[in-house]
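The values are calculated or read from the model by the stated rules, or taken from the named source; none is laboratory data. Predicted model only: the values in this text are computed from it and were never measured. Every residue, glycine as well, gets a Cβ built from its backbone with ideal geometry; the counts of neighbours run over all protein chains shown. Just so you know, the surface numbers come from the protein's heavy atoms only, side chains and all, with ligands and any DNA or RNA stripped out. Shrake-Rupley method; radii C 1.70, N 1.55, O 1.52, S 1.80 Å.
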Amino acid sequence: MRGRAISKANGVNTGIWECSPGSFDVLNRTNCESVIILSGKVRLTDLLVEGGGAVQELGAGDVAVLEKGSSVRWEIVETARKMYVIAPEKMSE
């Protein structure tokens, strides 16, 4: 897994991230992340649904928003690259 932050202005973290095949969980997000998949293929599973959550497959050009409080399993099916924007829990006014 590797990444490069493009900007961290005003508490908003924007960058490019790449990961080889494998899986990991992101539990109870404390922020909101928007992603666009640039290349590869990933599978996102909602871990908050009892009995197995909805599975969403994403490939190049697909977009997803991971809301604050969500819990998701990322399965990297093919080496994937994404652009991300992570907004803090609370934006300053």
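Length gain on complete extension for the stretch Val77 to Ala9, per 0.36 nm per residue less the alpha carbon to alpha carbon distance?
Working: separation 68, 0.36 × 68 = 24.48 nm, distance 3.19 nm.
That works out to 21.3 nm of additional length.
Normalised by the number of residues in the chain, the mean separation of alpha-carbon contacts (under 8 Å, six or more apart) gives a relative contact order of 41 percent.
Within the shell defined by Cβ-Cβ distances under 11 Å, the residues around Glu75 carry a net charge of 0, with Lys and Arg each +1 and Asp and Glu each -1.
Would you mind telling me the share, in percent, of accessible area of the range 1-90 contributed by carbon and sulfur at probe 1.4 angstrom?
Working: 2650 of 5310 Å².
With neighbouring chains kept in place, the figure for the range 1-90 is 50 percent.
Using the 1.4 Å probe convention, the accessible area of the chain works out to 62 Å² per residue with neighbouring protein chains retained.
The slack between Phe24 and Lys68, meaning 0.36 nm per residue of separation minus the straight C-alpha distance, is 14.1 nm. If you work out percent of Cα pairs over 15 Å apart from the coordinates, which of (i) 71; (ii) 57; (iii) 61 do you get? Answer by label: (iii).
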